[in-house]
1. Quick check: net charge around Asp133, other residues with Cβ under 10 Å of its Cβ, Lys/Arg +1 and Asp/Glu -1?
2. Which ³J(HN,Hα) values, rounded to whole Hz and listed in residue order, are derived for the range 185-192 from phi using the Karplus coefficients 6.51, -1.76 and 1.60 in 6.51 cos²θ - 1.76 cosθ + 1.60 with θ = phi - 60°, glycine and proline given as x?
3. For the range 52-152, which chymotrypsin sites (Phe, Trp or Tyr not before Pro) pass both filters: DSSP loop (anything but H, G, I, E, B) and at most 12 other C-beta atoms within 10 Å?
4. Please give the charge dipole size of the range 48-202, origin at the Cα centre, charges +1 on K and R Cβ atoms and -1 on D and E Cβ atoms. Round to the nearest 20 debye.
5. Near the amide H of Gly204, under 5 Å away, which other amide H atoms are found, from residues 5 or more places off or on another chain, if H is placed in the peptide plane?
Amino acid sequence: MLQGVCGEVSENGRKNLQMIQESTLHVSRMIDNLLTLSMSEFGKITLNKEKLSLTQAVDKACSIVKILVEKKSINLVKEELEDTFVYADRHCLLEIFLNLLDNAIKYTGSGGKISVSAKRIEGEKLVELSVTDSGVGISLENSENIFERFHKVAPVGAIGEKGLGIGLDIVRNLVHLHGREIRMESPVPGKDKGTKFSFTLPQG
């Protein structure tokens, strides 16, 4: 309907449809996360590792959160992803990126920037994947608990953001299933604010 397949939509109608679309995405992400959390707890997640294109994986994740990015006029940048492949589970990698992007969007103010990047570590045949935001950052106190289940951070300007506080716990679990570790840096190295989450996967 937003694309006009049912005819012209008024400005008020467009706003209402966008609210419905955003709410649907929010509920869908909560359900996906709860299912992933439950499957992880009972050891029901079986990895199907394969050679994956980072460009395709990140493009799919970005398309899902597009409406949230546009709502806050955030500049979402993809860097160094071309011709880069990793060896991972397709569904798990998508869930990792979606949760990291969800988190970055929540704590990045209007007009801010989020970047998704990849860097080859040739000597170890690994690819370092990063999601970096220009938000207010995470305090030292909160950084010690950031991956704990149901732990929610509400920095200035982010009050009222929706979430269950399980996204980063899921990210950590899925990264651990791949035999890797997730790392958080805040403020972003070389800057006075922002947050960077990074992890590595084998080159595909």
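1. Neighbourhood net charge equals +4.
2. 10, 7, x, 4, x, x, 10, 9
3. The qualifying sites are Phe150.
4. Computed charge dipole of the range 48-202: roughly 300 debye.
5. Close amide H contacts, sequence-distant or interchain: Phe85, Val86, Tyr87.
The numbers here are math on the coordinates, done by the rules we state, and not lab data. Given the structure is predicted, the values throughout are model-derived calculations rather than measurements. Ideal geometry is used to build each Cβ from the backbone, glycine not excepted, and the neighbour counts take in all protein chains shown.
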